[in-house]
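> Below is the structure I would like to discuss, written out as structure tokens.
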Amino acid sequence: MAGPGTIIVALLFTMAMPFWMPSGAAGVNHVALPVILAPLVWAVFFVYAVAAENIARAATAITGIGVVTGALILISLAGG
Amino acid sequence: MADRIELNPVEKLTQTQVKRMTAVHGWAGTILGLVLYVVIVSGTIVVFGHEISEWSSGGTRVHQELSDMSNLDGNVRAIAEHTSKGYLDRITMFTNSRGELAVFPHTQVMHPEDQRPKAYGSLYNLDPATGETIRRFDGFAFDDEESHHTSALEDFLVELHVALYVPNPWGSILTGIMGLLVMATAITGFLMHRHLFRDLFVAARRGERLVTTRDRHILAASWSLIFAFLLGFTGSFYSFAGTVTFPLVSKAAFGGDRQAMINTMFMPPTKIDTTPAPVADLDRMVAQSVERMGGSVRFVQILNWGRADGRMRIFHTPNDGGLAFGQTIFRTSDGKFLGEKPIVGSEPSLGADLYGLIHPLHFGDFAGVFSKSVWVGLGTAMAYVIISGLRLWVRRREDEVLWQHFGRAVTITGFGLPLAMLASAWAYFPALAFGDPFFWTPIGFFAGAAAIILFGALSDADRLIPRLLRLLSVGCLALPILRLGFGGTGWVDAADLNLGAVPALDMVFALIGVGLWFWASRTDAATNDRAGAAGNTGGIGHSTMEPAE
């Protein structure tokens, strides 16, 4: 879970970021920040996965985030 | 008092959590550690890639910045006038380490192998003084490394670091995963750490070899902890941006149109106007840009040559006190300054600020040789952390045959990688004089690596490290002689051309060679002592291939 699982969820989270992140006055933050922050997004999931006291709860939470962001991507792309 | 301010995350963790963290730290490092070591060592060396290029290129002329060239306008205009209109969408200009001016009029064409638009046109390498064409590369010119790299040695080392010589996109993805691994081991190492601040200043204990290796591993890791995290983060950004994250984000935000995302992020906003228009004096625009921005000009690009919507983008290295690259935009039809442009977008933003920080943090070139030297020092510490960590792992399992073999693989990789890199340099200089250096340099590396693996597998385990050290020493000491013998730039010419990298790197190799010889002698003596002690007690000499502590 801490390895490939968190990478997949981090990529889904990164891909979904342009849908909810404000683009800012320059109109680029919603695309620039996901590209820049993708490794840090993974780091956050990774730390949670390895350092959580209850590993089952961590796995459920991370999988849940993956499912929600995946659904957001599918809905947005289908609607778009 | 020290205890009160000590960061001590481990005390808040349960034993199960610490065990899990130790397992992740150890296994992740063990499975991918040797590959990571290649990325770290090659990356540490290419911090001085520009200097290596100057030192090894040969045939160098007086190096001029784009801003120092008196006839940039004439040279570029002569090429533009002889280029068909379809290739005047973009004209890129930069200088190379031989002091030549590169001018590349091109358009974007779908690359048949990469399946994405890439620069297609004719790239000229010119003598900046006379405008004479020295070389010309047609088609997807950047596919030919020689078009934009003057040193096959520097090109090889960069390629090794960026993609491990594995075809893209897999090479970049692999090094991106290595970046994540650095972050993972740094985070878990930090969380496992009992006394972070104290360990920064505690010397390794002598005597007990396992404890000494552990102390040294922790000492080097403590000093390079933040650096490792930053390099892992910025490195995985570079590796994943082009191959993974950029396509994903462009799919989400632009329906998969990568060019639209590139235009939004990096191109100056323009209203299309194809009306023919003159092109103002390029030298004057460059001079104005230098006056405003300070730092030297890294490269220049003209968009839509000879059209009313033509723009000139001028990229500057950071000026005094700055970290990020700067960019100015001019209208080419009348030479009017349109403003400074952030690296990303057309107005300042958080995204642009962070984007601008990634380059200096990864390359360490924000304060010249000083910051680069610090980056090399910390990179060396990281390489040591990997090897010492692997050794610790092996030592705790040294009764098992499999781990003994792995221990030998660690030693061969640890000392063999720098030796194979030297072999690539040894292949490069003769090839520069007689053959194709872009072909022979990697051949030299892989042939050298194969020979070292064979030597390491067959050599007496107790004598392996001193032997590898002596080979490294001789390889370093003889490299400047080899360079000069095959027509490399001499010290007198280097002084005339203001190429400080030439004598500096020759001296660095000589000093490293001498240092390695002393290290080998010391290791030999320690091995002899151990063998003598074992003989006196009737025991068996230690055969874990360990150098003197």
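The values are calculated or read from the model by the stated rules, or taken from the named source; none is laboratory data. These numbers come from a predicted model, not from an experiment. No Cβ is skipped: glycine too gets one built from the backbone with ideal geometry, and neighbour counts run over all protein chains shown. Accessible surface is based on the protein model in full, side chains and every heavy atom, while ligands, DNA and RNA are left aside. Shrake-Rupley method; radii C 1.70, N 1.55, O 1.52, S 1.80 Å.
> Can you name the residue in the stretch A:22-43 that is crowded, with 16+ Cβ neighbours inside 10 Å and either touching an Asp or Glu at 6+ places or on another chain (Cβ under 7 Å) or more than 7 Å from chain B (Cβ to nearest Cβ) (or both) and, of all such residues, is nearest to residue B:235 (Cα to Cα)?
Here the answer is A:37.
> Take residue B:447 and decide whether it is surrounded by fewer than 23 Cβ atoms within 10 Å (Cβ to Cβ) and more than 23 Å from the chain's Cα centre (by Cα).
Considered against the rule, which asks whether it is surrounded by fewer than 23 Cβ atoms within 10 Å (Cβ to Cβ) and more than 23 Å from the chain's Cα centre (by Cα), residue B:447 comes out as no.
> Right, another one. Hey, residue A:47 hits all of (1) more than 8 Å from every other protein chain (Cβ to nearest Cβ); (2) modelled with pLDDT under 90 but one; which does it fall short on?
Only one criterion is unmet by residue A:47, namely (1).
> Something else now. Going through the stretch B:395-416 one residue at a time, which ones are of a type in the set (A, V, I, L, M) and surrounded by fewer than 22 Cβ atoms within 10 Å (Cβ to Cβ)?
Answer for the stretch B:395-416, where residues must be of a type in the set (A, V, I, L, M) and surrounded by fewer than 22 Cβ atoms within 10 Å (Cβ to Cβ): B:401, B:402, B:409.
> Scanning for something touching a residue at least 24 places away in the same chain (Cβ under 8 Å) and more than 14 Å from chain A (Cβ to nearest Cβ), does the stretch B:338-350 turn up at least one residue?
The answer is yes, given that some residue of the stretch B:338-350 is touching a residue at least 24 places away in the same chain (Cβ under 8 Å) and more than 14 Å from chain A (Cβ to nearest Cβ).
> Now a separate question. When residues of the stretch B:315-340 are filtered for being in a loop (DSSP other than H, G, I, E, B) and under 24 Å from residue B:77 (Cβ atoms), how many remain?
The number of residues fulfilling the criteria is 4.
> In the stretch B:186-270, which helices (runs of 4 or more DSSP H) lie fully inside it and hold 2 or more residues that are modelled with pLDDT of 85 or more and closer than 18 Å to residue B:351 by Cα?
Counting at least 2 such residues, we get B:225-240, B:246-254, B:258-266.
> Which residue pairs have Cβ atoms under 8 Å apart, sit 6 or more places apart or on different chains, and have a first residue in the stretch B:230-254 that is at the interface with another protein chain (Cβ under 7 Å from one of its Cβ atoms) and at negative phi and a second that is among the basic types (Lys, Arg) and open to solvent by 30 Å² or more (accessible area, probe 1.4 Å)?
Partner pairs satisfying both residue conditions: B:246/B:258.
> Scan the stretch A:3-15 for residues that are surrounded by fewer than 24 Cβ atoms within 10 Å (Cβ to Cβ) and facing chain B (nearest Cβ under 7 Å) and report the count.
1
> Same structure, new question: Identify all residues within the stretch B:283-312 that are of a type outside the set (A, V, I, L, M), surrounded by 19 or more Cβ atoms within 10 Å (Cβ to Cβ) and part of a helix (DSSP H, G or I); write none if there are none.
Correct list: B:289 only.
> Of all residues in the stretch B:1-26, which are more than 14 Å from residue A:49 (Cα to Cα), loosely packed, with under 13 Cβ neighbours inside 10 Å and at pLDDT 60 or above?
Passing the criteria: B:11, B:12, B:14, B:15.
> Could you go through the stretch B:256-265 and let me know if any residue there is among the small types (Gly, Ala, Ser) and in contact (Cβ under 8 Å) with a residue 24 or more places away in the chain.
No, there is no match, as no residue in the stretch B:256-265 is among the small types (Gly, Ala, Ser) and in contact (Cβ under 8 Å) with a residue 24 or more places away in the chain.
> Would you be able to say whether some residue in the stretch B:341-361 is open to solvent by 10 Å² or more (accessible area, probe 1.4 Å) and in contact with a strand residue (DSSP E or B) (Cβ under 6 Å, 6 or more places away or on another chain)?
Scanning the stretch B:341-361, I find at least one residue that is open to solvent by 10 Å² or more (accessible area, probe 1.4 Å) and in contact with a strand residue (DSSP E or B) (Cβ under 6 Å, 6 or more places away or on another chain), so the answer is yes.
> Another question, then. Find the residue count for the stretch A:60-73, including only residues that are of a type in the set (A, V, I, L, M, F, W, C) and within 11 Å of another protein chain (Cβ to nearest Cβ).
2
> Quick one: count up the residues across the stretch B:175-192 that are under 11 Å from residue B:229 (Cβ atoms) and more than 9 Å from chain A (Cβ to nearest Cβ).
Adding up the residues that qualify gives 5.
> To continue, here is another question. Checking the conditions here, which among B:332, B:328, B:275 is in contact (Cβ under 8 Å) with a residue 24 or more places away in the chain, away from chain A (no Cβ under 14 Å), β-branched (Val, Ile, Thr) and surrounded by fewer than 17 Cβ atoms within 10 Å (Cβ to Cβ)?
B:275 is the lone residue from the list that is in contact (Cβ under 8 Å) with a residue 24 or more places away in the chain, away from chain A (no Cβ under 14 Å), β-branched (Val, Ile, Thr) and surrounded by fewer than 17 Cβ atoms within 10 Å (Cβ to Cβ).
> Just give me the residues in the stretch B:362-377 being open to solvent by 50 Å² or more (accessible area, probe 1.4 Å) and assigned to a helix (DSSP H, G or I), in sequence order.
Once the filter is applied, which keeps residues that are open to solvent by 50 Å² or more (accessible area, probe 1.4 Å) and assigned to a helix (DSSP H, G or I), the stretch B:362-377 yields B:363, B:369, B:370, B:373, B:374.
> Separate question: Residues in the stretch B:300-317: is at least one free of Cβ contacts under 8 Å to residues at least 12 places away in the same chain and in the same structural domain as residue B:72 (by TED's automatic domain parsing)?
There is no residue in the stretch B:300-317 that is free of Cβ contacts under 8 Å to residues at least 12 places away in the same chain and in the same structural domain as residue B:72 (by TED's automatic domain parsing).
> Determine, yes or no, whether residue B:135 is surrounded by fewer than 22 Cβ atoms within 10 Å (Cβ to Cβ), over 30 Å from residue B:430 (Cβ atoms) and more than 23 Å from the chain's Cα centre (by Cα).
no
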